[in-house]
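Let me begin by presenting the structure, written as structure tokens, before commenting on it.
The values are calculated or read from the model by the stated rules, or taken from the named source; none is laboratory data. Keep in mind that what you see is a predicted model, and the values were worked out from it rather than measured. Positions of Cβ are generated from backbone atoms using ideal geometry, with glycine treated the same way; all protein chains shown enter the neighbour counts. The protein model used for the area step is the full one, side chains on, heavy atoms only, and it has no ligands, DNA or RNA in it. Shrake-Rupley method; radii C 1.70, N 1.55, O 1.52, S 1.80 Å.
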Amino acid sequence: FTPTIPYLSNLTGHWITEKEVQSEEYWIEHMLKTVQFSGCAKKILQHSNVIFVEIGPGNTLLSLLQQHTTQPLK
């Protein structure tokens, strides 16, 4: 499988690579290690034209993203 839409790895905090997607070791580590939300948030907030979708009750995603930017998010 090769991803056609770029996405961030919450294992590394960086853009996923084709090698990672195809690696059994990557997915084992993905299930066992700590999520790197902060690295992903910093990386994605470098882009000016992004949309975040919060699914579910509350505003957890918004609250966490607000900690990584000085610009107000809605």
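List of remarks:
- Residue that is farthest from LEU64 (Cα to Cα) [pool: residues in the stretch 30-51 that are hydroxyl-bearing (Ser, Thr, Tyr) and not in a helix (DSSP H, G or I)]: SER48
- HIS47 passes every criterion in (1) open to solvent by 80 Å² or more (accessible area, probe 1.4 Å); (2) in contact (Cβ under 8 Å) with a residue 12 or more places away in the chain apart from (2).
- Within the stretch 9-32, residues that are touching a residue at least 12 places away in the same chain (Cβ under 8 Å) and closer than 21 Å to HIS47 by Cβ sit with their Cβ atoms under 7 Å from residues that are among the acidic types (Asp, Glu) and open to solvent by 50 Å² or more (accessible area, probe 1.4 Å), at 6+ positions apart or across chains, in these pairs: LEU11/GLU29.
- Considering the stretch 55-74, and only residues there that are outside any loop (DSSP other than H, G, I, E, B) and open to solvent by 60 Å² or more (accessible area, probe 1.4 Å), the residue that is nearest to GLY39 (Cα to Cα) turns out to be LEU64.
Here is a yes/no grid of residues against (1) within 16 Å of the chain's Cα centre (by Cα); (2) of a type in the set (A, V, I, L, M):
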{"position": "PHE1", "(1), (2)": "no, no"}
{"position": "GLY13", "(1), (2)": "yes, no"}
{"position": "ILE16", "(1), (2)": "yes, yes"}
{"position": "MET31", "(1), (2)": "yes, yes"}
{"position": "GLN67", "(1), (2)": "yes, no"}
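- Tally, over the stretch 1-29, of residues that are outside any loop (DSSP other than H, G, I, E, B), surrounded by 10 or more Cβ atoms within 10 Å (Cβ to Cβ) and touching a helix residue (DSSP H, G or I) at 6+ places or on another chain (Cβ under 9 Å): 6
- Subset of the stretch 33-65 [over 14 Å from the mean Cα position of the chain (by Cα) and under 20 Å from ILE5 (Cβ atoms)]: SER48, ASN49, ILE55
- GLU20 being modelled with pLDDT of 90 or more and not hydrophobic (A, V, I, L, M, F, W, C): yes
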